[in-house]
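Okay, so here's the structure we're looking at.
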Amino acid sequence: MTALVLKDCDVFYGKAQALHGASIDVADGEVVSLIGRNGAGKSTLLKAAIGLNPLARGQRLVGGVDASAMKPYELGRLGIAFVPENRRIFPNLTVEENLTIATVMGRTGPWTLKRVHQLFPRLEERRLSGGDTLSGGEQQMLAIGRGLLTNPKVLLLDEPTEGLAPLIVESLIEAIRMINAEGVAILLVEQNLRVPLKLAQRQFVIDNGRMVWSGTTGELQANRERIESLISV
Ligand code: ATP
């Protein structure tokens, strides 16, 4: 079964077209990367996937169900969770409050506060700290933990490792592997190949709002020079 499909999607900001017939698909339990340079349309596509950007044309399928006209909260109930680039931590809430707020989505499943604490022990240590006191890595863990508490089938991660120190990046990669091993499909957005090559089975490259390449990770490695030129700034 396919967890998420976007098919031939057009998205506009006012009169400016930001996606041109873009298609992507993520199978149940798969890790897929969407790679592209700054302004290529990566966040626009993620926001189209979760209903924050309406589709002017095209189709959105979630678990085989036509969800083209659904609103973000309906898509959340169907099992899509989005971890945005700016992480959207509530600064005036504690770590624990930031997490439990996600449970109002009402989807139950294996991801509980306890399970999130097992995955990210640091969040338990810091559970009474204010959201505004967290390091970049802790913020990212919190944002991912919050997404998991909605018990998604597919987790969308927008540049999760951006600006983080190499050791933190390694531990996040390990955490994403563990999340995926529990059966959560992942759509990972990145500007370079480093993390996608380590995590994803399939890769999509976007430029100027159009998908310009897709293939397996092995195929990406075989075409690495060409792909690097498609994403270089
Ligand atoms: P980045 O790596 O910087 O996050 P991106 O690949 O995610 O880049 P998008 O943010 O999706 O790129 O932007 C794609 C295009 O849409 C860009 O030309 C951008 O200027 C434009 N755009 C994005 N958001 C808006 C908006 N809210 N209103 C108007 N134009 C927008």
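Remark: for residue pairs LYS71/LYS114; LYS47/LYS153; LYS15/LYS71; LYS7/LYS198; LYS47/LYS198; LYS7/LYS42, the C-alpha separation exceeds 20 Å in LYS71/LYS114; LYS15/LYS71; LYS7/LYS198; LYS47/LYS198.
State the percent of C-alpha pairs, over all pairs in the stretch 1-49, separated by a distance greater than 17 angstrom. Could you put the intermediate results ahead of the total?
Values: 419 of 1176 pairs.
Result for the distance tail: 36 percent.
Could you tell me what percent of the accessible area of the chain is made up of carbon and sulfur, with a 1.4 Å probe and every protein chain present?
Result for the chain: 52 percent of the exposed heavy-atom area is carbon or sulfur.
For the peptides 168-174, 204-210, residues were scored by their other Cβ atoms within 10 Å and the scores averaged per peptide; the highest-first order is 204-210, 168-174.
Using DSSP, restrict attention to beta bridges with both residues in the chain and report what percent are antiparallel, rounded to the nearest 5.
Working: 22 of 40 bridges.
Of the beta bridges lying entirely in the chain, close to 55 percent run antiparallel.
Which net charge results when you count Lys and Arg as +1 and Asp and Glu as -1 among the other residues whose beta-carbon is under 11 Å from that of LEU19?
Numbers: positive: LYS42, LYS47, ARG57, ARG210; negative: ASP8, ASP10.
Once all neighbours under 11 Å are counted, the net charge is +2.
Think of a 1.4 Å ball rolled over the protein heavy atoms: the chain then has 45 Å² of accessible area per residue. Using Cβ point charges alone (K and R +1, D and E -1), the dipole size of the stretch 81-128 about the Cα centre works out to roughly 100 debye.
Which order do peptides 20-28, 184-192 fall in by mean Cβ count within 10 Å, highest first?
So the peptides 20-28, 184-192, ranked by packing, come out 184-192, 20-28.
What FRET efficiency do you get for LEU93 and GLN221 if R0 is 45 Å and r is their Cβ-Cβ distance, rounded to the nearest 0.05? Rounded to the nearest 0.05, the efficiency is 0.55.
Could you compute how fast the stretch 2-231 diffuses translationally, taking Rh as the Kirkwood radius over C-alpha pairs and applying Stokes-Einstein at 25 °C with viscosity 0.890 mPa s? Give it in µm² per second. Mind showing how you got there, number by number?
Values: Rh = 17.8 Å.
Estimated diffusion coefficient is 138 µm²/s.
Look at where the Cα atoms of the stretch 39-64 and of the stretch 125-171 average out, and the two centres are 23 Å apart. Between the listed residues VAL95, LEU113, GLY21, the Cα displaced farthest toward the positive end of the dipole of the stretch 2-231, a dipole computed from Cβ unit charges relative to the Cα centre, is found at GLY21.
The values are calculated or read from the model by the stated rules, or taken from the named source; none is laboratory data. Since this is a predicted model, take the numbers as computed values, not measurements. Reconstructed Cβ throughout: ideal geometry from the backbone, glycine too, with neighbour counts over all protein chains shown. What goes into the accessible areas is simple: the full protein's heavy atoms, side chains included, and nothing from ligands, DNA or RNA. Shrake-Rupley method; radii C 1.70, N 1.55, O 1.52, S 1.80 Å.
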